[in-house]
Structures are given as structure tokens and as C-alpha cells.
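Novice: The structure follows.
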Amino acid sequence: MKASVLKQVKRAAGVCLCGAMIAASLAGCGTGAGSGDDSAAKDEAAADESAQEVSQAADEGEFSPRLDTEAEVTINVVGNYDNFPSLEQVALDFNEYYPNVMVNYSKVDDYANMQDMIITDNPEVDICLANNTWVKNSEAAKANLTDLADESLGFDLTALSDGVIESAKSGESLYRLPIFSVCNGLIVNKTLLEENGLTVPTNYDEFVSCCESLKAAGFTPIYGYDADGNNKCSQGIYSSMVMTLAAKQDGDHSVSEALNTGDREASSVYLEGLKKEEEFAALGYYSKEANAGITDSYEGAILRFFEGDVPFLSASTETMSGTAKRESMSANFTANPFEYTFIATPLGESGAYAYINSNAGLALNKNGANFDYAAEFLRFYCNAKELNISADIKGMLSTSSDAESAECFPDLELSNSEYVSYISDFYLESVPSNTINDIIRIVGDDGVSAEDALAQYADIYAGFEAEQ
């Protein structure tokens, strides 16, 4: 790999990984009550326990090595993460079968613009991080990446949820192994609710009742990043509902396909969800004034939440993944830790809506010098226990069909198919996606009716189209 392309921050996962790093990474699950403030002794104990769990996961799996287990091989992985402890943990587990295989990870500067060049006729890269947008839109990706659905590779994809697999596909091909998913929802201060005699809501009536009680007690129930023209607050609250309700009306994908080709009339599919949004927004459980002090949708939002007086924070699972590492940055949380969790927004009659995107994956380079062992590593990674452990370390939502057994999101309900959809159920290109997100903001933040907001669809669409 060329030094001018890569930052040389390689990590030999199977050789130099230390227990403290894994323990600190596992703290990234962050359900609060001081989860990020462990002593060194606790870190060491957590590391030992983690190692035992990973070994047990490997022992109980059905993985059977297909290559020479004594071979000395280095698998080169590249991506845009500063570090990749999730990958390192899986590599440690892989070393129980292949003790002489090293998995080296390197961060690439300006990764989004370098991906095509990195994988084109390049034997020095075996595996690369790959997201949905790049794989779907890059001809270089399709030409140089391996279809993991090819039966000759022997991947057992049953460990992945069906929705995740479909979301990760480009046509009928699966060019990346999805390892993390993301959805919008709410980070909940469970301690605050309990102190006010309340429980975490699971449906619309419970949510409204909870918010009414909080208002009566002097709280603003919901907070979120809400800069001018930004839709992060309303997007976290409503987007899963609006998109899932649209998906349920689009079984043959004809509506989403029409929206992707610029058919403005097809936008009527959003009306049901936007009307529900309008109804809830009118109840006044959040405000621009309350959100004024939140400086961004990630660290700024997290630190505001840690002040302790925010019952619900509109956020994504990705924001939740950054909470534990920032507990020590909050003087208030350090002095007064509390328990918190993540839920899908409970706006359904009998459940909470989740619209899930598998936003990160690992792709296998056809041209890699160590193709066989890289494929073997990904085949090993493609196991429910490995996927869950990997996601827990990153603090992200697992892509496995058994995601609810992962530790980081114990209150995220995904079993009710009536309220859960995947990006593959209603896939939008960037312009129609940005358009509906802006309309969600207009209804949720500006008090515009669902019908009046949809009447602006063509103009908003044209604006985003002109920016491309």
C-alpha cells in the first residue's frame, strides 16, 4: 500500500491487542450509571471476561477451517475509522483457528474519494470498509469486489437478518458483509423517568402519557439538535415512522422507484406518516428554544443529555455508540451518573417504529494477494455471536438475525414486523431522501400541516436536484 495513500496506523490484531483496549471498547455500549468510569482492575477483569466469552462463542459456533491453519498470512484491511477494535476482537477469535494469521488495519485519508483507486487492481488491499452508497453507485466497486453470495465461497448468511441482507445487496449481488446497522430513535434517561414514577414507553399512548407527566413536572420531554434548516431533532423522532408506513404501502417497490426517477406525485405515499407526525408535533413536547444550546447532533447532543434534565434525546444508534466514551467529559454525569438506554420512537398503536440501514460493511477485494484467507476471515466473521460481539464493542446495532441478544441495545424492540422496516423495503436515492427529510423537518419543527408540506415537495426536490 502506498505511504502517500495510507496513514500507517496498522494494528496487528492477532498479536499486539491488549486487554485494556478491548475492555475500554466494550464500555462503549454505555447504558449509563458510570459505565465509562471503570478502574484499571475492572478493565482487566472485563477484558478477561470478554476473552472468555469470545472463546466460547468460537467454540460453540459451527465454523470449520478450510485452509492450512499453520500458514503465516497477513490480511490487510483499510477504511476510514481511526481505529477498529471490533475487527481486532474478531481477529483474536479467528486466531484460535488460525494462530499465525495477522489482520492489519490501516486508516486511509480522504477515504470516500480514494475508495475506487484503493481497490482497483490493487493486490495490497484484501478487505475494505464499504458503505451502501459507494457499493451501489461505484462501477469500480462492482468490478473489483467479490459477490459474497457466491455459493462457492461457503458463506452461511443465515446469521444475518433478511432485511439487512437485502439492504446490503446491489441488485442480486452482495458485495459487502454488513457488520453494523443504524436507526433513529430516542436515548432515554431511565433514572429520571423512574424518579418521576414513570417507565420507558413502548407505544403511542404510553409515550404521550409519559410526556404529559414530564411536562406537568416542569420538564421539556424531548430534546435534539435543531439548528436552522437542520432536521436532526424531528428526523430522530419521526423518520422511522414516516418511512416504515411508506414501505408498508410499497410492496412491489414501484412507489420508491417512481420517487427515485423524480415522480413528484408518488410523494402522496408519505401522507399517512406525516399526518401522524403533525398530530404528535402539535402536543408541544419539544421546542427550538430548549434545543438552542445543543451545538451538534453528536457530541454536543450527548453532553447536553448528560446534564441530567433531558428525559428523551432524539438521536440515532450511532450517536448512542458515542455516549460511554463521553461520560467522563461531563462533570454533571461524573458527579451524578444515571442509567440510560436507547429505544425506537414509540409512535405506533402497539409498538415503536424502526427503519434500519446497514451502514457499514466489509468488502472482499478480488485482487487481494491473500484472497483465500481474507475470504476465510469474513466467512468466520459471518456468525451471529461474532457479529453481536463486534457490534457491542463498537456500540452499534448488530446486523445479525439475533440482534436483540446483543448487549448495547437491551430496550430496542425489533421483533414486531408491523413496525420495523429496512432501507431495502423503501430505498431512496439522495435527492428524494433529502426531500422527505426536509418535509419531515417542516412538519415537525415548523408546524406546517402534512398536506401543505407535501405541496412543497416539487420545489424542495428541485432545490436538492440543483445542488447535485
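The values are calculated or read from the model by the stated rules, or taken from the named source; none is laboratory data. For clarity, every value in this text was computed on a predicted model and none was experimentally measured. All Cβ positions, glycine included, derive from the backbone under ideal geometry; neighbour counts span all protein chains shown.
Novice: Only residues that are surrounded by fewer than 16 Cβ atoms within 10 Å (Cβ to Cβ) and modelled with pLDDT of 95 or more: list them for region 67-92, please.
Specialist: Within region 67-92, 67, 68, 69, 70, 71, 72 qualify.
Novice: A further question follows. Going through region 281-318 one residue at a time, which ones are of a type in the set (Val, Ile, Thr) and either modelled with pLDDT under 95 or farther than 24 Å from residue 396 by Cβ (or both)?
Specialist: Of everything in region 281-318, those that are of a type in the set (Val, Ile, Thr) and either modelled with pLDDT under 95 or farther than 24 Å from residue 396 by Cβ (or both) turn out to be 294, 295, 317.
Novice: Within region 93-103, can you find the residues that are of a type outside the set (Val, Ile, Thr), closer than 19 Å to residue 371 by Cβ and surrounded by 19 or more Cβ atoms within 10 Å (Cβ to Cβ)? Spell out the reasoning first.
Specialist: Here is the first cut: in region 93-103, the ones of a type outside the set (Val, Ile, Thr) are 93-100, 102.
Checking which are closer than 19 Å to residue 371 by Cβ leaves us with 94, 97-98, 100, 102.
The answer is 94, 98, 102.
Novice: Identify, please: which residue in region 313-353 is assigned to a strand (DSSP E or B), within 14 Å of the chain's Cα centre (by Cα) and not β-branched (Val, Ile, Thr) and is, among those, surrounded by the fewest Cβ atoms within 10 Å (Cβ to Cβ)?
Specialist: So, considering only residues that are assigned to a strand (DSSP E or B), within 14 Å of the chain's Cα centre (by Cα) and not β-branched (Val, Ile, Thr), the one surrounded by the fewest Cβ atoms within 10 Å (Cβ to Cβ) is 316.
Novice: Among the residues that make up region 156-165, is at least one of them in contact (Cβ under 8 Å) with a residue 24 or more places away in the chain, within 24 Å of residue 388 (Cα to Cα), in a helix (DSSP H, G or I) and among the small types (Gly, Ala, Ser)?
Specialist: Yes; the residues of region 156-165 include at least one that is in contact (Cβ under 8 Å) with a residue 24 or more places away in the chain, within 24 Å of residue 388 (Cα to Cα), in a helix (DSSP H, G or I) and among the small types (Gly, Ala, Ser).
Novice: Out of the helices (runs of 4 or more DSSP H) lying entirely within region 354-468, which hold 3 or more residues that are farther than 17 Å from residue 159 by Cα? Walk me through it before giving the result.
Specialist: On the way: elements: 371-381, 384-394, 430-446, 450-455, 457-467.
Correct list: 371-381, 430-446, 450-455, 457-467.
Novice: Another question, then. For region 140-155, what are the residues that are more than 18 Å from residue 112 (Cβ to Cβ) and either assigned by TED's automatic domain parsing to the domain that holds residue 424 or in a helix (DSSP H, G or I) (or both)? Step through it out loud before you land on a result.
Specialist: Our first condition is that a residue be more than 18 Å from residue 112 (Cβ to Cβ); within region 140-155, this holds for 143, 146-155.
Within region 140-155, 143, 151, 152, 153 qualify.
Novice: Does any residue of region 182-199 turn out to be surrounded by fewer than 24 Cβ atoms within 10 Å (Cβ to Cβ), acidic (Asp, Glu) and part of a helix (DSSP H, G or I)?
Specialist: Scanning region 182-199, I find at least one residue that is surrounded by fewer than 24 Cβ atoms within 10 Å (Cβ to Cβ), acidic (Asp, Glu) and part of a helix (DSSP H, G or I), so the answer is yes.
Novice: Here is a follow-up. Suppose we filter region 126-148 for residues that are surrounded by fewer than 15 Cβ atoms within 10 Å (Cβ to Cβ) and over 18 Å from residue 357 (Cβ atoms); how many remain?
Specialist: 2
Novice: Out of the residues in region 149-180 that are in contact with a helix residue (DSSP H, G or I) (Cβ under 6 Å, 6 or more places away or on another chain) and polar (S, T, N, Q), which is surrounded by the most Cβ atoms within 10 Å (Cβ to Cβ)?
Specialist: Within region 149-180, the match that is surrounded by the most Cβ atoms within 10 Å (Cβ to Cβ) is 167.
Novice: Residue pairs, Cβ under 9 Å, 6 or more apart or interchain, first in region 258-281 and over 27 Å from residue 208 (Cβ atoms) and touching a residue at least 40 places away in the same chain (Cβ under 8 Å), second assigned to a helix (DSSP H, G or I) and of a type in the set (D, E, K, R). List them.
Specialist: Close Cβ pairs (under 9 Å, with a partner that is assigned to a helix (DSSP H, G or I) and of a type in the set (D, E, K, R)) amount to 262/465.
Novice: Picking from 335, 282, 324, 331, which residue would you name as being out of contact with any His (no Cβ under 7 Å at 6 or more places or on another chain) and either under 24 Å from residue 449 (Cα atoms) or not assigned by TED's automatic domain parsing to the domain that holds residue 433 (or both)?
Specialist: 282
Novice: Still on this structure: Does residue 178 qualify as being in contact with a strand residue (DSSP E or B) (Cβ under 9 Å, 6 or more places away or on another chain), part of a loop (DSSP other than H, G, I, E, B), in contact (Cβ under 8 Å) with a residue 24 or more places away in the chain and not acidic (Asp, Glu)? Steps first, answer last, please.
Specialist: Values: in contact with a strand residue (DSSP E or B) (Cβ under 9 Å, 6 or more places away or on another chain): yes; part of a loop (DSSP other than H, G, I, E, B): no; in contact (Cβ under 8 Å) with a residue 24 or more places away in the chain: yes; not acidic (Asp, Glu): yes.
Considered against the rule, which asks whether it is in contact with a strand residue (DSSP E or B) (Cβ under 9 Å, 6 or more places away or on another chain), part of a loop (DSSP other than H, G, I, E, B), in contact (Cβ under 8 Å) with a residue 24 or more places away in the chain and not acidic (Asp, Glu), residue 178 comes out as no.
Novice: Step by step: first the residues of region 211-242, then only those that are surrounded by 14 or more Cβ atoms within 10 Å (Cβ to Cβ) and free of Cβ contacts under 8 Å to residues at least 24 places away in the same chain, then the one that is nearest to residue 447 (Cα to Cα). Which residue is that? Can you show your working first?
Specialist: Step one: list which residues in region 211-242 are surrounded by 14 or more Cβ atoms within 10 Å (Cβ to Cβ), which gives 211, 213-215, 217, 219-227, 230-242.
Next cut, free of Cβ contacts under 8 Å to residues at least 24 places away in the same chain only: 213, 217, 227.
Details: 213: 23, 217: 25, 227: 16 Å.
Among residues in region 211-242 that are surrounded by 14 or more Cβ atoms within 10 Å (Cβ to Cβ) and free of Cβ contacts under 8 Å to residues at least 24 places away in the same chain, the one nearest to residue 447 (Cα to Cα) is 227.
Novice: When residues of region 94-118 are filtered for being in contact with a Gly (Cβ under 9 Å, 6 or more places away or on another chain) and part of a helix (DSSP H, G or I), how many remain?
Specialist: Within region 94-118, the first condition is being in contact with a Gly (Cβ under 9 Å, 6 or more places away or on another chain), and the residues that meet it are 94-95, 98-103, 105-108, 111.
Now drop any that are not part of a helix (DSSP H, G or I), which leaves 94, 111.
Number of matching residues: 2.
Novice: Looking at region 127-139, can you tell me whether even one residue there is outside any loop (DSSP other than H, G, I, E, B), of a type in the set (Phe, Trp, Tyr) and touching a residue at least 24 places away in the same chain (Cβ under 8 Å)?
Specialist: no
Novice: Still on this model: Working only within region 429-457, note down all residues that are buried (at least 18 other Cβ atoms within 10 Å of the Cβ), under 19 Å from the mean Cα position of the chain (by Cα) and touching a residue at least 40 places away in the same chain (Cβ under 8 Å).
Specialist: 437
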